[in-house]
Amino acid sequence: MKRLNFKLIPVFLYLTLFISGCVTVPRQPAVQPYGIYHVVGRGQTLYRIAKTYNISINELMRTNRISDPTQIEIGQKLFLPGVRLPLPIESYKLVSLETVRKLVGPKYHASHWRYITLHHSATLEGNAECFDRNHRGRRMGGLFYHFVIGNGTLSGDGEIEVGWRWRKQEEVNRPADIQICLVGNFNKETVSSVQFDALVKLIKVLREQYNVPIRNIREHKDIKGKNTECPGNNFPFYKLLTELKKN
Ligand SMILES: [Zn+2]
């Protein structure tokens, strides 16, 4: 009798979990009948490789046991499941001013933007969509930035994403203040040259349209009363100002 009870315990546990809906029935491991190896080349990000082969970045990370998408190295071998033929990975082209003008859109005459505040995401990866979700979860009403500039993890390196608040010309939490966020943690890493180039061009276009004076461009931590390190100690703020003053 005692023996029987012991045997039944796992069955009862399973049933209890099943009924409470907590158990996940282990699925058969996905069989990948084919795939190819790709050797990471210079300037290639996981994002760009995933996009080229139309594989989700999560699948690529899972298959290759990568936990941090920023940590891939030149020469690293990646298995690309479901891929039959190698494709050329487009090397990143710097965004043109013309493209940035299109992204920013025409001047909104009803708007009077006077400041630009710079942030980092303080995360190693991300994009506008995931920050929007995160900010909604924190009851901030959605993406707290007007523009997000990617670092090649969940969006392209230097890719400018336009937030919905910019499209609606909605202020975030300070009047007349445009919020730009660069994906990355610039206490730990540095701004890539492509990200920097995109930032310079974005600010140039915004200044063309709204005449924001250079003295009104600031780091988040420069705002009085803000106890933050944002956008991080490695953020090249003075280099940025020098670049902007050139034209
Ligand atoms: Zn900030």
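The values are calculated or read from the model by the stated rules, or taken from the named source; none is laboratory data. Worth saying up front: this structure is predicted, and the values here are computed from it rather than measured. All Cβ positions, glycine included, derive from the backbone under ideal geometry; neighbour counts span all protein chains shown.
Could you tell me how many of the residues in segment 205-247 are within 22 Å of the chain's Cα centre (by Cα) and either away from the ligand (no atom under 16 Å from the Cβ) or not in a helix (DSSP H, G or I) (or both)?
The total comes to 13.
Out of all the residues in segment 92-115, which are out of contact with any helix residue (DSSP H, G or I) (no Cβ under 9 Å at 6 or more places or on another chain) and either assigned to a loop (DSSP other than H, G, I, E, B) or of a type in the set (A, V, I, L, M) (or both)? Walk me through how you get there before you give the answer.
First pass over segment 92-115, keeping only residues out of contact with any helix residue (DSSP H, G or I) (no Cβ under 9 Å at 6 or more places or on another chain): 93, 98, 102, 109-110.
Within segment 92-115, K93, H109, A110 qualify.
Does any residue of segment 161-177 turn out to be in the same structural domain as R101 (by TED's automatic domain parsing), within 16 Å of the ligand (Cβ to nearest atom) and in contact with a Ser or Thr (Cβ under 6 Å, 6 or more places away or on another chain)?
yes
Determine the pairs where a residue that is in contact (Cβ under 8 Å) with a residue 24 or more places away in the chain, located within segment 163-189, has a partner that is crowded, with 18+ Cβ neighbours inside 10 Å and among the basic types (K, R) with Cβ atoms under 7 Å apart, the partner being 6 or more residues away or on another chain.
V172/R165
For segment 111-160, name all the residues that are within 13 Å of the ligand (Cβ to nearest atom) and of a type in the set (S, T, N, Q).
Listed by number, the residues that qualify are T117, S121, T123.
So which residues in segment 149-165 are farther than 25 Å from V40 by Cβ and either of a type in the set (A, V, I, L, M) or within 8 Å of the chain's Cα centre (by Cα) (or both)? Explain how you work it out, then say what you get.
Quick first cut of segment 149-165, residues farther than 25 Å from V40 by Cβ only: 162-165.
Selection gives V162 alone.
Could you list, in sequence order, the residues of segment 44-87 that are among the hydroxyl-bearing types (S, T, Y), in contact (Cβ under 8 Å) with a residue 60 or more places away in the chain and assigned to a helix (DSSP H, G or I)? Show your work before the answer.
As a first pass, look at segment 44-87 and keep what is among the hydroxyl-bearing types (S, T, Y): 45, 47, 52-53, 56, 63, 67, 70.
Next, from what is left, pick out any that are in contact (Cβ under 8 Å) with a residue 60 or more places away in the chain: 45, 47, 70.
Once the filter is applied, which keeps residues that are among the hydroxyl-bearing types (S, T, Y), in contact (Cβ under 8 Å) with a residue 60 or more places away in the chain and assigned to a helix (DSSP H, G or I), segment 44-87 yields only Y47.
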